[in-house]
Amino acid sequence: MADEKGKEKIRSIDNAAITLIEKAQKENVSTVFFRADELKPCPIGVEESCCKICGMGPCRLPRPKKAGEEKDRAGVCGATIETIVARNFARKIAAGTASHSDHAREVAETFLKTAQDEAQGFAIKDEVKLLEVALDYGIETEGRESREIAIDVGKKALEQFGKQDGELVYIKKAPLKRQEIWRKLGVVPRGIDREVVEMMHRTHMGVDQDYKHLMLQATRTALADGWGGSMISTDLQDIMFGTPVPILGTFNTGVFKEDQVNIVVHGHEPFLPELLVTATHDPEMKALAEKVGAKGINLTGMCCSANEVLMRHGIPCAGNFLQQELALVTGAVELMTVDVQCQMQGLQDVSECYHTKLVTTSDRAKIEGAIHIEFHPENGLDTAKKILRMAIENYPNRRHAVYIPAETQDAVVGFSHETINYLLGGLFRASYKPLNDNIINGRIRGVAGVVGCNNVRTVHDSAHIAMVKELIKNDVIVLTTGCAAMACGKAGLLTPEAARLYAGSGLAEVCEAVGIPPVLHMGACVDNSRILIAATALVKEGGLGDDISDLPAAGAAPEWMSEKALAIGQYFVASGVYTVFGTTWPTLGSEKVTKHLFEEHEELYKGMWAYEPDPIKAAGMMIAHIDKKRKALGLDKARERVLYDMAMRRALD
Amino acid sequence: MGEYVYEEKESFDGKKVKVLGPTYEEGKPDAKNDWEAKLGSPEDRLNYLKTALRYWYSKDWFGSEKRKQEA
């Protein structure tokens with residue numbers, strides 16, 4: 001489609017997406033790409049200069065169009081623009097934290113049912129991780145059955161939501177210095193639900209009206225996500241389904257098979273997807289597929305549900321956030337399941353254009369017009385089989401010519417922090433030391449976390465790939481999750497060979513020696529908690545300072561769009577990480593709030609936000625920050641090696 | 001894995017030396033690298049956690065956090 005200047009609009013850097021967008025256009029199917037053309041972002045809302053939390057407004061308070069016309073802006077209640085922008089930002093963080101944490105609650109409840117033998121088809125699979133989490137939670141393990149330990153772990157995890165005082169159990173996993181900073185500022189989360197509720201209260205009309213004070217609670221709320229809900233999700237999912245280990249995966253829409261029953265699992269919770277993996281191996285299902293004329297059952301994933309089953313079972317990933325509707329445009333998808341988060345309501349209209357059945361499966365999320373089959377762990381496997389049967393029976397109903405783009409890309413995925421630790425030293429010398437040593441000797445310049453969503457206001461995947469290539473070219477190893485990870489997978493950056501093709505010589509040397517890609521796929525968006533733990537391990541190993549903020553490290557979400565991304569960003573900043581977001585930034589309505597986040601946060605947390613829509617410039621800012629940290633650690637110059645004799649050693653005391 | 005491949009390179013003192021070339025296996029893996037399966041008993045698992053993840057689970061590991069001179 002051409003834009004208003006008649007130029008052909010570039011919508012994606014992914015050929016599979018481009019061809020399916022063209023197909024949708026020819027078939028007059030509405031997708032996010034076309035809706036975005038019709039609907040421009042609200043210029044006042046985009047900078048959050050609008051307050052609509054009470055019935056006296058909404059109060060629209062845009063910035064003056066011309067410089068020099070600035071004046072104090074306030075709503076009818078007198079709330080300043082700082083209060084309004086900070087309240088809006090804080091509410092987004094609360095929503096993001098609530099999303100990850102409600103996911104975590106579902107995980108904890110299912111985990112407890114699994115431990116009590118009340119969940120059909122689930123088991124405690126990873127005994128090592130069970131012990132690890134039991135140690136974190138202070139649960140006695142000696143001489144006890146796994147089941148008993150797991151019940152205690154499940155109960156302790158559930159307690160984290162309703163706690164009213166004290167500290168979340170995972171806080172003590174952070175570097176000691178970081179814990180001190182949080183305690184000094186009074187931002188240690190007491191209980192997950194409490195922080196979200198308090199945030200919503202304090203942003204109600206006429207409560208907390210000091211933007212710096214509001215941001216302290218927003219930080220406490222975000223920490224309840226990163227060092228609370230998200231970490232619970234990651235850990236308990238690992239125990240139930242296995243801690244990810246390296247596995248071969250395949251990315252992009254080309255994973256669909258024309259002569260098979262194609263099913264897409266989309267959303268974030270891994271329960272139904274796990275049981276669909278089991279159900280596809282059922283001989284009865286295979287026979288049914290054969291009976292309807294299909295040559296097999298092809299289970300695939302989309303968004304973070306895809307990440308979950310990709311890194312544990314190698315289930316192919318059909319694409320990331322902006323490809324969810326395009327997957328249906330192939331005409332090859334018999335059924336798509338959706339649970340929670342990031343599933344567009346537009347899917348229903350697209351599914352009606354083809355033969356696809358859209359099935360909502362969570363008791364918390366329905367889509368008007370979609371089929372609702374609720375998933376409950378007590379009869380989970382039966383539900384999985386019911387849905388699978390529905391998909392198979394829908395295979396003969398294909399009514400359009402099927403078009404599946406050829407693009408697929410192999411990748412190695414599944415780098416949990418435990419696996420990275422193992423790969424760096426083996427079973428008997430597992431350690432982050434080789435990584436620290438190579439950062440110290442300069443082969444690896446630093447570490448970057450590139451995470452987050454797709455956003456239709458940025459050319460699909462373009463910012464992720466430009467940024468990641470720039471970082472690895474400059475010897476910065478990249479850890480990635482969520483839709484960013486899928487973009488990297490599709491672009492061939494998750495293979496060991498990518499080190500030779502794209503990385504700087506130092507990083508390539510390390511990757512080739514260890515046998516890892518220069519970009520490590522660490523999982524779904526809740527698994528950003530794995531990055532926090534990996535960063536903590538780097539600190540605790542020694543040689544790179546005493547805190548996450550001392551590490552030559554930075555974070556980014558160049559194509560972010562969801563409130564979850566803001567919660568993630570805030571907990572990374574509050575953990576000491578310089579974090580750059582692209583595409584858009586939601587506090588530009590207030591210079592003071594933006595300055596507080598971009599500059600004053602460094603004084604508070606030794607980490608701060610930045611905004612830069614150009615991914616190459618943003619990568620440059622991250623590298624500059626990494627170099628600043630290298631300099632502070634004294635790693636910016638070669639040092640003469642001094643051999644200490646005994647007298648010199650004694651002098652150290 | 002087949003025969004080892006050697007490459008001729010120049011050492012630090014300018015002499016030609018033979019070094020072992022790449023030793024990776026060609027092709028794609030058909031199974032995941034399930035390294036945790038090597039830990040058979042509960043004792044093995046606990047010992048592994050106390051050594052490999054000593055940052056959190058070993059009583060005598062202090063890393064960077066208990067040094068006399070802070071970084």
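Read-outs: derived from the displayed coordinates by stated rules, not from any lab. Bear in mind that the values here come from a model prediction, so they are computed numbers and not experimental data. Please note: Cβ atoms are built from the backbone with ideal geometry, for glycine as well, and neighbour counts cover all protein chains shown.
The GluC sites (Glu not before Pro) found in segment A:487-594 include none that occupy coil by DSSP while having at most 15 further C-beta atoms within 10 Å.
How big is the charge dipole of the protein assembly as shown about its Cα centre, in debye rounded to the nearest 20, if each Lys and Arg gets +1 on its Cβ and each Asp and Glu gets -1 on its Cβ?
The calculated dipole for the protein assembly as shown is roughly 1640 debye.
The order of A:H201, A:H268, A:H625, going from fewest to most other C-beta atoms within 10 Å of their C-beta, is A:H201, A:H625, A:H268. The convex hull defined by the C-alpha atoms of segment A:195-304 has an orientation-averaged projected area of 10.9 nm².
Each Lys and Arg adds +1 at its Cβ and each Asp and Glu adds -1 at its Cβ; summed about the Cα centre, segment A:260-318 shows a dipole of about 200 debye.
Each of A:L588 and A:Q164 was given a label point 7 Å from its Cα along the Cα-to-Cβ line. The distance between the two points is 4.4 nm. The residues neighbouring A:A332, those whose beta-carbon lies less than 15 Å from its own, together hold a net charge of 0 under the Lys/Arg +1, Asp/Glu -1 convention.
Couplings for segment A:276-290, taken from phi via the Karplus curve 6.51 cos²θ - 1.76 cosθ + 1.60 with θ = phi - 60°, read 5, 4, 4, 5, 5, 8, 5, x, 4, 5, 5, 5, 5, 4, 4 Hz in order; Gly and Pro are left as x.
Projecting the Cα atoms of A:G267, A:T361, A:P283 onto the charge dipole of segment A:253-397 (Cβ charges, centred on the Cα centre) puts A:P283 farthest toward the positive pole. Overall size of segment A:81-241 from C-alpha positions, given as principal axis extents largest first: 57, 35, 21 Å. Dipole of the protein assembly as shown computed with +1 at Lys/Arg Cβ and -1 at Asp/Glu Cβ about the Cα centre; of A:A157, B:N33, A:A618, farthest Cα towards the positive end is A:A618. Listed from fewest to most Cβ neighbours within 10 Å, the set A:Y170, B:Y57 follows the order B:Y57, A:Y170.
Across peptide A:532-542, the average count of Cβ atoms from other chains found within 10 Å of a residue's Cβ is 4. Taking only the C-alpha atoms of segment A:253-397, the Rg (one decimal) and the largest Cα-Cα distance, Dmax (whole number), read 13.4, 36 Å.
Selection among B:W61, A:Y605, A:G249 by position relative to the dipole of the protein assembly as shown gives A:Y605 as farthest towards the positive end (Cβ unit charges, Cα centre).
With θ taken as phi - 60° and the Karplus curve 6.51 cos²θ - 1.76 cosθ + 1.60 applied, the whole-hertz 3J(HN,Hα) list for segment A:387-393 is 5, 5, 4, 4, 5, 5, 5 Hz, x standing for glycine and proline. Taking only the C-alpha atoms of segment A:410-632, the Rg (one decimal) and the largest Cα-Cα distance, Dmax (whole number), read 16.1, 54 Å.
I need the GluC sites (Glu not before Pro) found in segment A:147-207, filtered to DSSP loop residues with at most 11 other beta carbons within 10 Å of theirs.
Working: sites: A:E148, A:E159, A:E167, A:E180, A:E195, A:E198; in loops: A:E167.
Listed in order of number, the matching sites amount to none.
Which residues in segment A:125-147 have a backbone N closer than 20 Å to a point placed 7 Å from the Cα of A:L427 along the Cα-to-Cβ line? Correct set: A:125-132.
Taking the Cα centre of segment A:312-438 as the origin, how large is its charge dipole in debye, to the nearest 20, when only Lys and Arg (+1) and Asp and Glu (-1) carry charge on their Cβ atoms?
For segment A:312-438, the charge dipole is close to 260 debye.
Between A:H201 and A:C54, what FRET efficiency comes out of the Förster formula 1/(1 + (r/R0)^6) with R0 = 22 Å and r the beta carbon distance, rounded to 0.05? Calculated value: 0.95.
How big, in percent, is the set of alpha carbon pairs in chain A lying more than 32 Å apart?
Value for chain A (Cα pairs over 32 Å): 49 percent.
Under a 5 Å amide H cut-off, with hydrogens placed 1.01 Å from N, A:E407 pairs with A:G254 among residues at least 5 apart or on other chains.
Among the trypsin sites (Lys or Arg not before Pro) in segment A:396-490, those located in a DSSP loop and surrounded by at most 15 other Cβ atoms within 10 Å of their own Cβ are A:R399, A:R429, A:R457.
Taken residue by residue and averaged, Cβ atoms of other chains lying within 10 Å of the Cβ of B:42-53 number 6.
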